[in-house]
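K.L.:
Here you go, one structure.
Bear in mind these aren't lab numbers, they're just calculated from the coordinates by the rules spelled out. As the structure is a prediction and not an experimental result, all values here were calculated from the model. As a convention, Cβ positions derive from the backbone with ideal geometry for all residues, glycine included, and neighbour counts pool all protein chains shown.
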Amino acid sequence: MQQAPHPRVGVGVLLTDSQGRVLLTLRKLPPEAGCSSIVGGKVDFLETLEQCAIREARKEVGVEISLRALLCVSRVKPARSAGSASTSCLRISP
């Protein structure tokens, strides 16, 4: 895998229904292809975390959301072969 020229920030959106069930998607692209995941993606240049979360929910599952809270921010160091670390921010939405 080619190393990114700069770190990327990712946003995950925890989508729940009225019964508290969480919506999971099936990842298509490596290195997580075939794995279940919450909705999310990389933040575009000059995009806010909130804008990214709303865009990714619309793009991946076709829903319009409003954001309730910032759940967590974490820095993940993948295996050496992946080449870079990433920072992920998780937003929750009703």
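K.L.:
Condition first: of a type outside the set (Ser, Thr, Tyr) and either surrounded by fewer than 16 Cβ atoms within 10 Å (Cβ to Cβ) or on the phi > 0 side of the Ramachandran plot (or both). Now tell me which residues in the stretch 24-39 satisfy that. Steps first, answer last, please.
P.N.:
First pass over the stretch 24-39, keeping only residues of a type outside the set (Ser, Thr, Tyr): 24, 26-35, 38-39.
Across the stretch 24-39, the qualifying residues are 24, 26, 27, 28, 29, 30, 31, 32, 33, 34, 35.
K.L.:
Can you pull out the residues in the stretch 8-23 that are in a loop (DSSP other than H, G, I, E, B) and surrounded by 12 or more Cβ atoms within 10 Å (Cβ to Cβ)?
P.N.:
Of everything in the stretch 8-23, just one residue is in a loop (DSSP other than H, G, I, E, B) and surrounded by 12 or more Cβ atoms within 10 Å (Cβ to Cβ), namely 23.
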